[in-house]
Structures are given as structure tokens and as C-alpha cells.
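Participant: Please see the structure below; I have some questions.
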Amino acid sequence: MSNQKLSPCKESIKECVLKRPMTFMKLVSETQCASETIEKYLSEFLKETIIKEKKGKFRIIYSPELEKDILEFYELLLNPTTKSIVIVLLKSNIELSQIELVSITEKSNPSISRGLKLLLEKRIIRRNYHAPYSTYKINNKEDIFEKLHKTYPEIYHNFDGFELCYPQPKIFLDIHK
């Protein structure tokens, strides 16, 4: 009888993970199942290679069919500052300076600097030098939108409702934690 009660959790866990990558805590939140129950079923799925996991700063559970670049993008956007930079640059029709990004995202200058460096290394953005400052722009917006759709559908589907000035970006970024 207890197996019948656990079955909905098992299906829910499998469905969530195969739909899109997510952290363990996000999986707990979305399935509303106990951590121990999720852990039990994840170990079964991992043995059967129905799902995969990547351990790092966060434990990410994902479909084995997920492309490596999508998984890397998901992991990259787990950092809220990096996510803010990407979303603001996607929404902007012009190139933005670091100071403008600090102002719009309400993140610290060092935090924005680290995020920009990481995004430059991953070749998601490009830098244009202007004396005495630089501006930044997304390299391929269509590719980033496609990745957002696969990894953060709540942002992708609500993107049109987001404005750079109002409401503040942090309100938009907090839509779905």
C-alpha cells in the first residue's frame, strides 16, 4: 500500500527531470515530495541511466539526452548576477556598459565584473572597447532564447512582460525561485 502512495512522486520526479535540468532543491520544490523519497527514486533512475547528475557547487539532475551546452548554460545561470546580466542584455536593443549593468541590475560592481568575465569566457557576450570604457552585447540572441526556453521556461514565457526600467529587473528575476 505504501508503494502506491510513493508512485505519484516517482512519476513526478521522472517527468520533471526529463522535461528540463534542475537542481536537487528545485526538484524538491516542484514535486512537493520529501527529500528522502526523491533521493531514493533518483538513485534508481541513476542506476537505470534514465537520468544523469552533475555535482559541483549545485547538484544538477538532467535528462541523458540533454546537450552539453544546454547543461552548461543552465549551470551558468544558477548565479543570479550572471542571470541578471544575460536577461538585461537580451532585452536591451543597445550595447550596455558595466556601469549601466550595475545600475539596471542593482548588483555590485565587482559582482557584475565577475559575471561579465565569465560570460566573455563562455563567448555568450562580446565586448566593444570605447575609450575609456567598454560596452557589452549578447553574441547570438536566438541561441540564448532557445537555451532559455529549454532551461528557464518561466523566464522565456514571461520575457515580453519585462521592461528594463519598470518593473525593476529583480522583480522579474524573482518570478520563480
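Each reported figure results from applying straightforward, stated rules to the coordinates on display, with no laboratory input. Just so you know, these numbers come straight off a predicted model, no measurement behind them. Because the Cβ atoms are built from the backbone with ideal geometry, glycine has one as well, and the counts that use them run over all protein chains shown.
Participant: Output wanted: per-residue J couplings in Hz (rounded whole) for the stretch 136-142, from phi through Karplus 6.51 cos²θ - 1.76 cosθ + 1.60, θ = phi - 60°, x for Gly and Pro.
Facilitator: So the Karplus estimates, Gly and Pro as x, are 10, 8, 5, 5, 9, 4, 4 Hz.
Participant: Taking GluC sites (Glu not before Pro) as candidate sites, keep only those in a DSSP loop with at most 16 other Cβ atoms within 10 Å, then name the longest stretch of the chain containing none of them.
Facilitator: Looking at the chain, 107-162 is the longest stretch - no exposed GluC sites (Glu not before Pro) with at most 16 other Cβ atoms within 10 Å.
Participant: Grab the stretch 74-173 and count how many Lys pairs have their alpha-carbon atoms under 16 Å apart, sequence gap of 8 or more, or different chains.
Facilitator: For the stretch 74-173, qualifying lysine pairs total 20.
Participant: Moving on. Tell me which trypsin sites (Lys or Arg not before Pro) from the stretch 1-64 have a DSSP coil assignment and no more than 13 other beta carbons within 10 Å of their own.
Facilitator: LYS57
Participant: What does the helix-only formula give at 222 nm for the chain: each DSSP H stretch with n ≥ 4 adding -39500 (n - 2.57), the total divided by the residues, and the result rounded to the nearest 500 deg cm²/dmol?
Facilitator: One gets -17000 deg cm²/dmol as the mean residue ellipticity at 222 nm.
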